[in-house]
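Beneath this line is the structure, given in structure tokens, with notes to follow.
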Protein chains: 2
Amino acid sequence: MITVKHCTAEDIPDIYRLMKGLAEFEKMSDALTIDEKGLERLMTEEKAFEALLAYEDGKAVGLALYYFYMLSTFSGRRVLYLEDIFVDEEYRKKGTGRLLMQELINEARARGCIKMEWKCLKWNENAVRFYEKLGAEISPDWLTFTLKEDKF
Amino acid sequence: MITVKHCTAEDIPDIYRLMKGLAEFEKMSDALTIDEKGLERLMTEEKAFEALLAYEDGKAVGLALYYFYMLSTFSGRRVLYLEDIFVDEEYRKKGTGRLLMQELINEARARGCIKMEWKCLKWNENAVRFYEKLGAEISPDWLTFTLKEDKF
């Protein structure tokens, strides 16, 4: 039995533990410079993100962390941006990721979003297939540019 | 003489006119469903974006529209997201785009951003070259997925 709930500040330890799992999975542990306190401040004071946790047998095994930003002045409608999604390795392939995505879709619909958006590592072929099965697409028309702070 | 200024609500008519120019240029005029009033509400009440205008001879000829969103819980630092950038066709190749980008970089630095991000149409080769000259890059590692509302 898998359940999904919306997080409050008391869930920060579970959120942080799953973020660490994601960082390891992405081979990006060095990039995880924030600590639990910083994460809590972002969530409560800055209201910079919201989060879902998926539970199996009372244990938090999946995380989705997201926020809303504006799509474009063209429509004036918001986008649900999914920053992090992760399911503990030993709890995968049981539909937990699917449940998290479905709840995110419900959120996006409830808030009147025009779309959802996220990034995925190219080598994560399981994730690419999972997203494509949901109907998600990689735009053939648009390129995503970044300018890192060392170029400022 | 080109100057750049930070916008207030009184600049909405100029912002909207340049947005219309951008929508035409991108062959996306049908997507421009917001009106001036909606745009003003987004800017003032929701504080959903900030904007720069570039002036030549007292006329607003360039626009950059942007906002800050969180990069990632990993660093807890923000990204300057550039939603729209546009320079009137007859005023191009005079450094206006460069000036707007430089002011955006100043903003990103002042706000402690870890990077800037934006999207660019693939066929807009002039823009792609311009961005690459600034040191911007298209990530070789990450894919950008979208899930549109008709798939919710």
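Of all positions in segment A:111-118, at least one carries a residue that is more than 17 Å from the chain's Cα centre (by Cα) and at the interface with another protein chain (Cβ under 10 Å from one of its Cβ atoms).
Taking segment A:129-152 as the range and being within 7 Å of chain B (Cβ to nearest Cβ) and in a helix (DSSP H, G or I) as the test, the residues that pass are A:Tyr131, A:Glu149, A:Lys151.
Within segment B:63-102, the set of residues being part of a helix (DSSP H, G or I), within 12 Å of chain A (Cβ to nearest Cβ) and surrounded by fewer than 19 Cβ atoms within 10 Å (Cβ to Cβ) comprises just one member, B:Gln102.
In segment B:23-32 there is at least one residue that is facing another protein chain (nearest Cβ under 10 Å), outside any loop (DSSP other than H, G, I, E, B), in contact with a Leu (Cβ under 9 Å, 6 or more places away or on another chain) and among the hydrophobic types (A, V, I, L, M, F, W, C).
Of the residues making up segment A:64-84, those that are in contact (Cβ under 8 Å) with a residue 40 or more places away in the chain and under 14 Å from A:Leu53 (Cα atoms) are A:Ala64, A:Leu65, A:Tyr66, A:Asp84.
Taken together, the values in this text are just the output of simple stated rules run on the coordinates, not laboratory data. What you are looking at is a predicted structure, and each value in this text was computed from that prediction instead of being measured. Using ideal geometry, Cβ is built from the backbone for each residue, glycine included, and neighbour counts are taken over all protein chains shown.
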